[in-house]
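The values are calculated or read from the model by the stated rules, or taken from the named source; none is laboratory data. Just so it is clear, the model here is predicted, and its values are computed rather than measured. Positions of Cβ are generated from backbone atoms using ideal geometry, with glycine treated the same way; all protein chains shown enter the neighbour counts.
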Amino acid sequence: MPNSTSPSAAADSLLRHPAFVQFWCSRIASGFGFQMLSVAVGWQVYAITGRAFDLGLIGLVQFIPSVLLALPAGHVADQFERRRVVLLGQIVEWTAIVLLAALTFSGRIHEAGILALVFVIGVAKAFESPSMQSLLPALVPPALLPRAVAVSGSAFQMATILGPAVGGLLYAAGPGVVYLSAAALYLVAATTMAMLRYEQAPPRREPATLKTLFAGVHFIRERKDVLGVISLDLFAVLLGGATALLPIFARDILHTGPWGLGLLRAAPAVGALLMSLWLARHELQRRVGMIMFASVAGFGVATLVFAVSSTLWLSLVALFALGAFDMVSMVIRGALVQLDTPDAMRGRVSAVNSIFINTSNQLGEFESGMLAAWLGAVGSAVVGGLGTLVVVGLWMGMFPGLRRRQKLHMETATDDAQAAGDTL
């Protein structure tokens, strides 16, 4: 079970690592900027065209590079200095946002131009993401990594909760103002990243070959625990995508308006944020495998409660719990994958993991929508919750080593030797 530490001790332990503080500041600044950007782009495109289909195109032009470039981006993360890859990505994104602002203020903005610049941002993010994920183990000692993952996750959740709200308020002054504000945040992120210095030595670089390009896939296939946590995340998110149906639940089942929909959308992020802050002060020391499986099962149960709820307050509680359970499993999965992966492989493994995450998010929304068309929103959410519980049961049987896992870090010298032998 988690081992409690005092809040001051938890904060001090991470604050004593300036590289992590700089990483966290850079991530929260770019996260806020991206969430504000997302609101402005969506509103502006819809204001120009008036077509809901074009809102889907915004997601498509980001999804395509995130999947097609994932493996090359992972290889880049392991071939070049990761801090510089992240920095270059942030600079490219900043440039695209500045162009969006310039075109908006000049009155020369149009849908094709917005989509083209969003595509550029998607390409930059495809390369930035695996390098950003792989940076964290080089910034703190292994013992602090789970806590660092939780605190890093809190930055993402805060950006998810507050970024759209701030972007929406600033949009009253015009989309150009939102773009300039997002650009300023990205400039802060890039400046902070430029000042970051590693605490751990960078990994040995390997010659670029076709074999090394696919090394992340081979590594995950051989490491059963890593394969288990990544595939569990894929199927749990694929089946548990009830949040994609929130507009239907808000209007037709809970009989609430836009304000209620806003509360429903915020509830999972609030639960995840509070849980991430709790995990930052409590160390997971025993039975992490069972805690992870229990958390994913809790995610499924919360989905079921949300599906059958007909009152707003119970739905909010269920979504709050859903976000909290998801954060527990996310922290365990993230730390376990990073700790079980040799540093020279982390970029490529993170890239493969990102393919799973992006695919499950997109297909999960599609699966929920299709089931809702056949069974209704409630039926779709019920099937998703039950399916998540079935997946947990199957994975506990298929990955007994993961079920019996006691600690996040490798527990024996044999594991270390196996990890080293798996490096291509």
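Can you work out which of the residues in the range 312-327 that are at pLDDT 90 or above and of a type outside the set (A, V, I, L, M) is farthest from the chain's Cα centre (by Cα)?
If we take residues in the range 312-327 being at pLDDT 90 or above and of a type outside the set (A, V, I, L, M), then W313 is farthest from the chain's Cα centre (by Cα).
Suppose the filter is surrounded by fewer than 16 Cβ atoms within 10 Å (Cβ to Cβ) and at pLDDT below 65; does T414 pass it?
Answer is yes for this residue.
Quick one: in the range 58-78, of everything that is buried (at least 18 other Cβ atoms within 10 Å of the Cβ), over 17 Å from F34 (Cα atoms) and over 18 Å from the mean Cα position of the chain (by Cα), which residue is modelled with the highest pLDDT?
For the range 58-78, the residue satisfying everything is V76.
Need pairs with beta-carbon distance below 8 Å; first residue over 21 Å from T191 (Cα atoms) and modelled with pLDDT under 95 and within the range 93-112, second charged (D, E, K, R) and surrounded by fewer than 22 Cβ atoms within 10 Å (Cβ to Cβ); sequence gap 6+ or separate chains.
Short answer, once both residue conditions are applied: E111/D54.
Consider R82 against the criteria (1) closer than 19 Å to V349 by Cβ; (2) surrounded by fewer than 17 Cβ atoms within 10 Å (Cβ to Cβ): it satisfies all of them except one. Which criterion is unmet?
(2)
Is at least one residue of the range 284-294 aromatic (F, W, Y) and without any contact (Cβ under 8 Å) to a residue 12 or more places away in the chain? Outline the logic, then answer.
The initial filter retains those residues of the range 284-294 that are aromatic (F, W, Y), namely 293.
Subset that is without any contact (Cβ under 8 Å) to a residue 12 or more places away in the chain: none.
No, because not a single residue in the range 284-294 is aromatic (F, W, Y) and without any contact (Cβ under 8 Å) to a residue 12 or more places away in the chain.
Just wondering, is there one or more residues in the range 240-256 that are within 16 Å of the chain's Cα centre (by Cα), surrounded by fewer than 22 Cβ atoms within 10 Å (Cβ to Cβ), within 14 Å of L322 (Cα to Cα) and at pLDDT 80 or above?
So far as the range 240-256 goes, no, none of its residues is within 16 Å of the chain's Cα centre (by Cα), surrounded by fewer than 22 Cβ atoms within 10 Å (Cβ to Cβ), within 14 Å of L322 (Cα to Cα) and at pLDDT 80 or above.
Look through the range 367-388, keep the residues that are surrounded by 20 or more Cβ atoms within 10 Å (Cβ to Cβ) and modelled with pLDDT of 80 or more, and return whichever of them is farthest from the chain's Cα centre (by Cα).
Only one residue fits best here, namely V378.
So for the range 75-83 (the condition being aliphatic (A, V, I, L, M) and more than 18 Å from V188 (Cα to Cα)), does at least one residue qualify?
Yes, because at least one residue in the range 75-83 is aliphatic (A, V, I, L, M) and more than 18 Å from V188 (Cα to Cα).
Being closer than 16 Å to A184 by Cα and in a helix (DSSP H, G or I) is the requirement here; does I64 meet it?
So I64 does not fit the description; no.
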